[in-house]
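Right, one structure below, let's go through it.
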Amino acid sequence: MSEQDFKDMAESQNSQSNPEEISQLSNAVKHSIRRYLYELDGTQPDHMYELVLKQIERPLFEAILEHTKGNQSRAAELLGLNRGTLRKKLRSYNLHK
């Protein structure tokens, strides 16, 4: 992703989230979950909530940290999290410095 892409994304975030962008993200997640369930071929999944959160959180944190050039205070602000909470989550995904 280019620097301009990051700037565009930041501007988008600053002007409140665009409903169309939220819909695209939501649709992508829904599609992925449906595909995952389909590929289970009848096997019943366990702990889907925890599984989905872990699969979404790690790349979210990676992307935000990349965007903020590792600035955890800024990352926490963008995520709407307390910095201590973010640091705890980063440790749980082995993403801390």
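Considered as a group, the residues in the range 55-77 that are without any contact (Cβ under 8 Å) to a residue 60 or more places away in the chain and in contact with a Phe, Trp or Tyr (Cβ under 8 Å, 6 or more places away or on another chain) include one that is farthest from K97 (Cα to Cα), and that residue is E57. On inspection, G80 qualifies as at positive phi and either touching a residue at least 40 places away in the same chain (Cβ under 8 Å) or small (G, A, S) (or both).
Consider E66 against the criteria (1) farther than 15 Å from L90 by Cβ; (2) assigned by TED's automatic domain parsing to the domain that holds L90: it satisfies all of them except one. Which criterion is unmet? With respect to (1) farther than 15 Å from L90 by Cβ; (2) assigned by TED's automatic domain parsing to the domain that holds L90, E66 is out only on (1). Selection over the range 1-55 of residues that are aromatic (F, W, Y), in contact with a helix residue (DSSP H, G or I) (Cβ under 9 Å, 6 or more places away or on another chain) and modelled with pLDDT of 75 or more gives a count of 1.
The values are calculated or read from the model by the stated rules, or taken from the named source; none is laboratory data. Please read these numbers as outputs of a predicted model, since none were measured by experiment. Methodologically, a virtual Cβ is constructed for each residue, glycine included, from the backbone with ideal geometry; neighbour enumeration extends over all protein chains shown.
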